[in-house]
1. In deg cm²/dmol and to the nearest 500, what is the mean residue ellipticity at 222 nm of the protein assembly as shown if only DSSP H runs of at least 4 residues count, each as -39500 (n - 2.57), divided by the residue total?
2. Could you work out how far apart the two model spin labels at residue A:105 and residue A:234 are, taking each label as a point 7 Å from the Cα in the direction of the beta carbon, and quote it in nm?
3. Seen from all sides and averaged, what is the projected area of the convex hull of the Cα atoms in the range B:261-310, in nm²?
4. What is the Å³ per residue value for the convex hull set by the Cα atoms of the range A:2-107?
5. Angle, helix A:162-172 long axis vs. longest principal axis of chain A, Cα atoms, 0 to 90°, nearest 10?
6. At q = 0.18 Å⁻¹, what log₁₀ I(q)/I(0) does a Debye calculation on the Cα points of the range B:161-282 give, no solvent, two decimals?
7. Looking at the protein assembly as shown only, what percent of DSSP beta bridges run antiparallel? Nearest 5 please.
8. Between residue A:219 and residue B:178, what's the calculated FRET efficiency when r is the beta-carbon distance and R0 is 60 Å? Round to 0.05.
Ligand code: SF4
């Protein structure tokens, strides 16, 4: 009978589950990892609930970095941010390939390129998708200025991208107070002008609603919308291409709201 | 000259972005720069697209002219002196306000500032330099700046502005000196190439300096680019691509952009293009340009005097492979990186994956597909473990028919590929992932 280690859907949760499953000594083929909420209950399985534990997660993270290298570690972290029912188990299998006894140091660092293996391939693919979405949001996030000077943004991403774009925006706007509320995943990135940033899970649903826009905000939005129109070349118009590059799920949160 | 009195900022932006849009470059790529923490902004090497306009082009930079007044009279240009259009000019402060306010809201990655020639090239360059100086020193703007060098501007101004901008460009405008003489009487090849050479020289000196003093100011860190107008003059694709190649090799340009001619003014010297701008041709040139930059091809492998234009129906790489069937099929288990790159359906990313994965074990077709190899194109040209995916004839007509039948050639869908090729610029997903 398989033992399913069920964990919370965070990096700490997944790494703690890796730690517990490995330490259980049940054998790799007798365990399965799963994030909570993934709708895949199995009848013939024992479920164990994993409590996320920062120090266990930290140890797993350090082991991956040391043995499998920074490149692999980044890919695994990105894959862990994906919206995907099988990610935790796929990550576990990749770690088994790289961290099992007898794997040479050189091979451990190459495991992430062993794309013939379905789990490696899956992790690789997830990491690529998440990285791609995060990159798009670096461009598609739109801030509006509230009367107290705070920059406020709403997005709705498929994957958990906030932790991946936090450093980028913090470095870009070091002296701003800003919020990026991710309605898609129900979390919110908060950056304070003193340089500290963090992610709030389950922010209050009335967030920012009571706030007025700043005095010049509307004029700036008008200027930007005007620019987006005048910059297009009529003789080359291609709405299908525009929609393909900027799908509706992004547009609907953007100032220029291109939908005609 | 028409200048309406008391234009609002909205009206100016409208006029001066409309006048700037025929310059196709809008990329923000080529340099990594972390913000210092003291100002606002940073740069990441792959560049970032912030929006897409109705023509499907990426909006990355606030692309504007400082003024659309111009004493020159380039026949193809909407801002030419003899054209009757409404004129406007920003002040340096207005450009700064727009850039800062747009940037803070994450509308843009930075500024692309160009200009018509106001009075003379030196005067215009002074204005551009003053604007960038203000932006960098008063507003502490650390985002991306692309600035246009006005042909004929004095050398000292070029060397000054290069320390304020990330990228500079000087447009070649037309592929040959004769065409330039015909359509841009105030510009000469020499006045375009000499600042290009100057920027190249200063960049390489600056690189030396940076080796010694890491904190030395950086000169045009994202390199220089240029643009050629396609279809306004009679040059063939072979001439155009050869010019591009020599710009890459002899002037170390980062990008050459191709701009399908859009007829915006009337002139007996300009061709009539009833079919609209030559977009498919522009697209083929971008594909070929990509082959020069990332696939280690050379212009005269792709075209020749006898075969001077690209095939309308086939992309340049398939076209090349079909006329070199003797070099195929290649075995993906052992072919070197360069050979893999030449297989239709395999790109730099999938070639790299193949090379790394095959050290870890045998490949199969399913794995190749997952690595991003486009099998419907590649099958004719590869073997895997010594076997073709299914028995296929190595026969030009047979393959051609199948490639065309696969529905991704010469159809409107092509423009989509074109976008991915040309506007994502040096966006290498690997780099993006690393940057995160
Ligand atoms: S110099 Fe020529 S291309 Fe540039 S704005 Fe003036 S007329 Fe147009």
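Computed from the coordinates by the stated procedures, all read-outs in this text should not be read as laboratory data. Since the model is a prediction, treat every value here as computed from it, not as a measurement. Cβ atoms come from the backbone with ideal geometry, glycine included; neighbour counts cover every protein chain shown.
1. Numbers: 27 runs with 284 residues, N = 696.
About -12000 deg cm²/dmol.
2. 6.7 nm
3. Over every viewing direction, the Cα hull of the range B:261-310 projects on average to 4.7 nm².
4. Working: hull volume 9.3 nm³, N = 106.
Residue-normalised Cα hull volume stands at 88 Å³.
5. 50 degrees
6. -0.96
7. Details: 18 of 59 bridges.
Taking every DSSP beta bridge within the protein assembly as shown, about 30 percent pair in antiparallel fashion.
8. Working: r = 49 Å, r/R0 = 0.81.
Computed FRET efficiency for residue A:219 and residue B:178: 0.80.
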